[in-house]
Amino acid sequence: MPRDSKSNSKSDPQAGSDRSRPILHQHAHEIQPYGKLAKLPIALDESVCAESAENLNQVLADTITLRDLYKKHHWQVAGHTFYQLHLLFDKHYEEQNELVDSIAERIQSLGAISLAMAADVAETTIIPRPPRGREEVPVQISRLLEAHEMILKEARTMSKQADESGDDGTNDLLVSDIIRTNELQVWFISEHLVDVPVVRADAPGTEKEAAKSKSASAR
């Protein structure tokens, strides 16, 4: 190393450290605008990729909304079923979160751009926005079931479109993951709305009639 380089590094403690400093406040144009495709060699026509990506972004927005609705209810659930619903809601949240990642990755693999930010999701989703405050358990579950049904309806329609277009990957994701997961979750939470006795079983009809006749004769 030249002698003057050594002397400069000793006299200036900052010398030689510029390359290790982070480059902050960088800005540039997007490398791919939303809604535009970067065609990948996946043996699908660009029109098919575009249609599937558009459909999947709708499902993605609705799945993110349903996922967050589960987390809201996980935090805010109340009543004698608090413990089991607190755990169940969080389990369903995690399962929906896995779907979110799978959907987004499928959109990217089609050469498109997936939605990501909350504001964009809020503008896109068809699931109604719940109030900020806490609601009763039957209302929470009803909201979840309505959201599940919206996603299932669109997923079935979109899976048929993907099948007819030859987009097997998208069709498989919609049927094997989204539809089956949502159907299973619907079953788990809808059973909480069945009006059955908690402690004492209802007497059969004949026993009820006998009890009524006994009370009537006693009078």
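The values are calculated or read from the model by the stated rules, or taken from the named source; none is laboratory data. All values derive from a computational prediction rather than experimental measurement. We place every Cβ from the backbone using ideal geometry, glycine too, and count neighbours over all the protein chains shown. Ligands, DNA and RNA are stripped out before the accessible areas are found, and what is left, the full protein with its side chains, is counted by its heavy atoms. Shrake-Rupley method; radii C 1.70, N 1.55, O 1.52, S 1.80 Å.
Numbers below:
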quantity: For the chain, calculated [θ]222 nm from helices alone, where every DSSP H run of n ≥ 4 adds -39500 (n - 2.57); calculated: -20500 deg cm²/dmol
quantity: Two-decimal Rg to Rh for region 131-196 - Kirkwood Rh, Cα set; calculated: 1.13
quantity: Relative contact order, percent, the chain [alpha-carbon distance under 8 Å, six or more residues apart]; calculated: 22
quantity: Solvent-accessible area, 1.4 Å probe, carbon plus sulfur percent, for the chain; calculated: 53
quantity: Aspartates and glutamates whose Cα lies under 17 Å from that of LYS36, excluding same-chain neighbours fewer than 8 positions away; calculated: ASP45, GLU46, GLU51, GLU54, GLU105, ASP120
quantity: Potential extension, ARG132-TRP75 segment - 0.36 nm per residue separation minus Cα distance; calculated: 19.3 nm
quantity: For region 27-115, Kirkwood radius (reciprocal of mean inverse C-alpha pair distance, Å); calculated: 14.8
quantity: Globularity index of region 52-178, i.e. its alpha-carbon radius of gyration over 2.2 N^0.38 Å; calculated: 1.10
quantity: Derived scalar couplings ³J(HN,Hα) [region 37-42; Karplus, 6.51 cos²θ - 1.76 cosθ + 1.60; whole Hz; x for Gly, Pro]; calculated: 9, 10, 4, 10, x, 10
quantity: ASP202-ASP168 FRET efficiency (beta carbon distance; Förster radius 41 Å; 0.05 resolution); calculated: 0.25
quantity: Label-point separation in nm, ILE23 to ARG156, each point 7 Å along Cα→Cβ; calculated: 5.3
quantity: Where the chain is the region considered: accessible area per residue in Å², 1.4 Å probe; calculated: 68
quantity: Rg to Rh quotient for the chain, alpha carbon positions, Kirkwood Rh; calculated: 1.29
